[in-house]
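What follows is calculated from the coordinates using simple rules that are stated; it is not laboratory data. Here the structure is a predicted model, which means the values were calculated and not measured. Cβ atoms come from the backbone with ideal geometry, glycine included; neighbour counts cover every protein chain shown.
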Amino acid sequence: MEKSESTLLEVKDLKMYFPIQKGFLRRVIGHVRAVDGVSFFIRQGETLGLVGESGCGKTTVGRSILRAYEPTAGQVLFRVKDQMIDILKLKPDELKPLRREMQIIFQDPFSSLNPRMTVMDIISEPLVVNNVAQGDELKSQVRHLLEAVGLRAQHMNRYPYAFSGGQRQRIGIARALALRPKLMVCDEPVSALDVSIQAQTINLLEDLQKEFGLTYLFIAHDLSVVEHISNRVAVMYLGNIVELAASTELYKAPRHPYTEALISAVPTTDPDHKSKRIVLEGDVPSPANPPSGCKFHPRCRFAQDVCKQEPPEWREISADHWVACHLTEKLSLAGMSA
């Protein structure tokens, strides 16, 4: 992949296996391969969209990067001044200063806020824990953060129950912004919101990115949302990234059959346009017992013998366009119409 000094985060061969335990002695009889060798990088100031079906490992990738989970293997390199530091090798006391640089926006705005804390307490907590501000300065910073996400200063003494889902998510965003992070992991931040509120939240995130110089890893299952906000998009299937490219290129000319199927399911606002929906056969295989060869081959209408026997190589087929498919050069896939 073409990297430079502008790279903020680089993930190399990340793996996260969860043990399957059985019996009174909790003996390990296998592993769920939630993330099975994921690699990508994110440049400073850009948004990388990470998409795929539920259960493909998207959220696990985001939480492994932040070490909310302790990954099984791999590297997570984060830029600190002029050097890249492997987060996974740091001890807890060494990691603490870096946690200020990386924050997360959770999927559910209802369960991610403590119902017993006021908005003031929720947003100020990161500032208090890290000894950033206190007293009048603390109130001033909370007031500024509330205004930045479109809420009023008068709201700071209210409790979460007094707010709608969209407003609660704005409070969560303000909390994530409190320490002025460089990287923000957005874990499906609009999937729990009404459609009418989703666009407002996406526009807010774009405005905040410009104002605070943020870099986003934007996790979602809705390709239309990801297309709007992302510079580049990575498509995940069963623990692996199968395609990664610039957003416009990926949507117009997908090079992996799974990406084509996802794009065909995106609704269009044009009443005269009738897209051909590609329905994938079968169910997603178990990550505890993935298929041999290409993991997508049991559901792929183009699958050949080589797909069943050998895992495809992760390779660059054009400038900054990566794909894992044996048949890429032989396929003519349909993208999203203009």
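Tabulated values for the structure
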quantity: Among (1) touching a residue at least 60 places away in the same chain (Cβ under 8 Å); (2) polar (S, T, N, Q); (3) outside any strand (DSSP E or B) - the single one residue 39 does not satisfy; calculated: (3)
quantity: Any hit, the range 129-140, residues being closer than 21 Å to residue 230 by Cα, of a type outside the set (A, V, I, L, M) and out of contact with any Leu (no Cβ under 6 Å at 6 or more places or on another chain); calculated: no
quantity: Among (1) buried (at least 24 other Cβ atoms within 10 Å of the Cβ); (2) more than 14 Å from the chain's Cα centre (by Cα); (3) part of a loop (DSSP other than H, G, I, E, B); (4) not aromatic (Phe, Trp, Tyr), the one test that residue 245 misses; calculated: (3)
quantity: Subset of the range 56-89 (residues that are surrounded by 16 or more Cβ atoms within 10 Å (Cβ to Cβ) and in a loop (DSSP other than H, G, I, E, B)); calculated: 56, 57, 66, 67, 69, 71, 72
quantity: Test: residue 53 is of a type in the set (Asp, Glu), in a loop (DSSP other than H, G, I, E, B) and in contact with a His (Cβ under 9 Å, 6 or more places away or on another chain); calculated: yes
quantity: Every residue from the range 117-164 that is part of a loop (DSSP other than H, G, I, E, B), more than 25 Å from residue 202 (Cα to Cα) and free of Cβ contacts under 8 Å to residues at least 12 places away in the same chain; calculated: 131, 133, 134
